[in-house]
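*Asks:* Once you've had a glance at the structure underneath, I'll fire off some questions.
Derivation of every value follows stated rules applied to the coordinates shown; laboratory data play no part. Remember, predicted model here, so these are calculated numbers, not experimental data. Note that we place each Cβ from the backbone using ideal geometry, even for glycine, and neighbour counts take in every protein chain shown.
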Amino acid sequence: MSNLKVPAIRMNQDGVKLYLTRMYAKDLVKLGKVDYWKPGASDSKQGYQREPKPSRLRRVARFILGKLYPVNILPTAILLNSREGLSFHEEEDDLGFITIHSDDELWIVDGQHRVGGLKYAIEEMEAAKLGDFPLPVVITEKLDKYAEMMQFFIVNTEQKKIRTDLANRLLQQQAKNTEGFKSLLEQGVEWKVRATAVTDRLNVTKTSIWAGKIQAPNQKKTSNQVVKEISFTTSLRPVVAGTSLLSKLHVDQVAELLGRYWQALADLMPDAFKNPDRYVIQKTPGIFSLHSVFPLAFELARQQGEVVDVQSFVEILRPMVEADDGAEFWERDNDDGASQYGSMKGFRILANHVENSLPKVKVNL
């Protein structure tokens, strides 16, 4: 490979020279190296990065080829390091060119999956056109391996991922676009959009048991709020996902039915809803387990008559309430009740316990 000349802006941060530049995928694929962790290697030869997962490389490739989202850009800079230093020619005021020689080593500190994904697309998916795909690049100069490793550690531990509840809101915005919704379907996350919409309706409907009780993203918690939106929306997956009838209904209908279900629970156990902080029925043990049970309760209520109303759910849920001594089972301080289940595994056990108390589904053969 001949020498490569790239435009660059030079700057100095805390005594470290770094360069902001642009490189094409075909050059990064050839020049970028990754210092992999090698089991049993000596300290001097030991790397610090894991081998890339093929599934992530394929995902990056599919993304940049437009198979996941309607807009396909990689705007975040790849971070490289030259342990030996670079040849920089200044033209004026820290603006100039870097000359990268064929024997220069550029170590990828952050961005190995992006570079690897582009390589996979070019070589395995025959997308040669991506060789000219430009990428923003930051190159640090003369950091030794230890300092390079520390930058890798800082980048991967200190930068915070977007909060999941806010991410769901962004998915909701994306779903308003036809191409965006198609992308969500391909990723299998369209249920999060439906769950967020159902949550919104329950939270703003004045007659709902959940009115004003769900804390939205970036909202300061009030004394009336009992659960975070991310917990509530995640708990709704059994209700809005899958192939059941509920997953085919409009979100307004799902919210209305779910509101009736919770109203039935409140009618059967009023104390648990008058003092929600003393009970866990509106906390994660309650919402995850009872939302898992809801599709079955809905089917049982449908078998009772044409209209699935609050009273239908009352009759379906009454055996469960009577079997568990009513609200007492859901008391926060009851170590033998629902409060003992504090994990996803526990929520499944609790849901199974509730289901076993319900009437059996009737099937005419």
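*Asks:* Ordered by residue, what ³J(HN,Hα) values in Hz, to whole numbers, does the stretch 218-231 give under the Karplus form 6.51 cos²θ - 1.76 cosθ + 1.60, where θ = phi - 60° and Gly and Pro are x?
*Replies:* Listing the rounded values in order: 6, 9, 5, 5, 9, 5, 7, 7, 10, 8, 7, 4, 4, 5 Hz.
*Asks:* What Rg and what Dmax come out for the stretch 164-355 when only alpha-carbon atoms are used, in angstroms?
*Replies:* Rg and Dmax of the stretch 164-355, Cα atoms, are 16.3, 51 Å.
*Asks:* While we're looking at this one, here's another question. Once you keep just the Cα pairs under 8 angstrom separated by 6 or more residues, what percentage relative contact order results for the stretch 164-355?
*Replies:* 18 percent
*Asks:* Can you give the FRET efficiency for H101 and L68, using 1/(1 + (r/R0)^6), R0 = 30 Å, r = Cβ-Cβ distance, to the nearest 0.05? Write out the running numbers ahead of the final one.
*Replies:* Numbers: r = 37 Å, r/R0 = 1.23.
In this case the efficiency is close to 0.20.
*Asks:* For the stretch 97-155, how big is Rg over Rh, using alpha carbon atoms and the Kirkwood form of Rh?
*Replies:* 1.02
*Asks:* If you don't mind, there's one more thing I want to ask. Is the C-alpha gyration tensor of the stretch 15-57 telling us rounded, prolate or oblate? Criteria: a/c under 1.5 is rounded; beyond that, a/b larger than b/c is prolate, otherwise oblate.
*Replies:* Oblate.
*Asks:* Additional query: Would you look at the GNM of the chain, springs on alpha carbons closer than 10 Å, and say which of T243, T196, T21 moves the most?
*Replies:* Taking springs between Cα atoms under 10 Å, the residue moving most is T243.
*Asks:* Given the options N334, N224, N12, which has the most mean-square fluctuation in a GNM of the chain, springs set between C-alpha atoms less than 10 angstrom apart?
*Replies:* Judging by the Gaussian network model, the answer is N12.
*Asks:* For the chain, with a Gaussian network of springs between Cα atoms less than 10 Å apart, report the residue from P39, P285, P270 with the top mean-square fluctuation.
*Replies:* Of P39, P285, P270, the Gaussian network model singles out P39 as fluctuating most.
*Asks:* Consider the candidate values (1) 24.7; (2) 21.0; (3) 26.2; state which one is Kirkwood radius over Cα pairs in Å computed from the structure displayed.
*Replies:* (1)
*Asks:* Hey, got a sec? Which GluC sites (Glu not before Pro) in the stretch 264-349 land in a DSSP loop and have at most 13 other Cβ atoms within 10 Å?
*Replies:* E306
*Asks:* How far is helix 178-187 tilted off the main Cα axis of the chain, in degrees rounded to 10, range 0 to 90?
*Replies:* Taking Cα atoms only, the helix is inclined about 90 degrees.
*Asks:* Could you tell me the relative contact order of the chain? Use alpha-carbon pairs under 8 Å, at least six residues apart, and round to a whole percent.
*Replies:* Once divided by the residue count of the chain, the mean separation gives 13 percent.
*Asks:* Give a residue-ordered list of calculated ³J(HN,Hα) values for the stretch 31-46 (Karplus: 6.51 cos²θ - 1.76 cosθ + 1.60, θ = phi - 60°; whole Hz; x for Gly, Pro).
*Replies:* 8, x, 10, 10, 8, 7, 5, 10, x, x, 6, 5, 4, 5, 10, 7
*Asks:* Tell me, which longest segment in the chain has none of the trypsin sites (Lys or Arg not before Pro) that fall in DSSP loops with at most 11 further Cβ atoms within 10 Å?
*Replies:* Of all site-free stretches, the longest is 222-359.
*Asks:* Next up: Over the Cα atoms of the stretch 58-157, compute the convex hull volume and normalise it per residue, giving Å³.
*Replies:* Cα-based convex hull of the stretch 58-157, divided per residue, equals 142 Å³.
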